[in-house]
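A.B. asks: Below are the structure tokens for one structure; questions will follow.
Throughout, read-outs are computed from the coordinates displayed, never taken from laboratory work. Predicted, not measured: the structure shown is a model, and the values here were computed from it. Cβ placement follows ideal geometry from the backbone for every residue including glycine, while neighbour counts extend to all protein chains displayed.
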Amino acid sequence: MLAEKNVPVILGPTQSMPNGPAAEYDEAYSNPEKLCAAGVKIAFATFNSSDSRTLPYEVAMAVPYGLPEEAALESAMKNGAEMLGFGDRLGIIERGKLANLIVTDGDPSKIQTQVSDLFILARDVSTDNQRKSLYEKYRARPKERVIS
């Protein structure tokens, strides 16, 4: 019915508890694939600004439960922009659209992937931050020596 009426769905976090005692344990992980297979346009949201950094992982959790990787990428970028009325300016790399890009050393949905470059409105933005500087500081500390 949602697909017939062209009603898009913004899904909440996949990394959450089931919605009640009668809910399936994998409901949050498997619903994205079910909706996608039915022809419903989906996007993901964390609904919490402090959790926005986890959005790629929320999307990634639906892939092992059947959501095709291409659909996962579209749901994370293109679909959300279109649903919110910004599809003419955001969502995909295309001439005339805002150039907000990340360059990574791997799949952005994998937690071990590092962001090497960040561009906002086509301007190179520093990725340095306090966590990164503290990591480098303590990574470079001298090794403990054992005196015998």
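A.B. asks: Given contacts defined as C-alpha pairs under 8 Å and at least six residues apart, what's the relative contact order of the chain, whole-number percent?
C.D. replies: Computed over the chain, the figure is 16 percent.
A.B. asks: DSSP loop (so not H, G, I, E, B), at most 16 other Cβ within 10 Å: list which chymotrypsin sites (Phe, Trp or Tyr not before Pro) in segment 18-104 pass both filters.
C.D. replies: Y25, F47, Y65, F86
A.B. asks: Computed over the Cα atoms of the chain, what is the ratio Rg over Rh, Rh following Kirkwood?
C.D. replies: Answer for the chain: 1.09.
A.B. asks: Take the alpha carbon atoms of segment 103-124, find their center, do the same for segment 20-64, and report the distance between the two centers in whole angstrom.
C.D. replies: Using only Cα atoms, the two centres lie 22 Å from each other.
A.B. asks: Find out how many positive minus negative residues lie around I10, taking Lys and Arg as positive, Asp and Glu as negative, among other residues whose Cβ is under 15 Å from that of I10.
C.D. replies: Taking every other residue near I10 into account, the sum is -2.
A.B. asks: Also, quick follow-up: I'd like to compare 112-120, 97-105, 135-143, 9-17: which one has the highest average count of other Cβ atoms within 10 Å, and what's the full order after that?
C.D. replies: Output ranking for 112-120, 97-105, 135-143, 9-17: 9-17, 97-105, 112-120, 135-143.
A.B. asks: Which value at 222 nm does the chain reach when only helices count, each DSSP H run of 4 or more adding -39,500 (n - 2.57), with the total divided by all residues and rounded to the nearest 500 deg cm²/dmol?
C.D. replies: Roughly -7500 deg cm²/dmol at 222 nm, from the helical runs in the chain.
A.B. asks: Let me ask something else about it. Under a crude label model (7 Å from the Cα following the beta-carbon direction), how far is Q15 from E94 in nanometres?
C.D. replies: 3.1
A.B. asks: If you place +1 on the Cβ of every Lys and Arg, -1 on the Cβ of every Asp and Glu, and leave all else neutral, what size is the dipole of the chain about its Cα centre, to the nearest 20 Debye?
C.D. replies: In total the dipole reaches around 760 debye.
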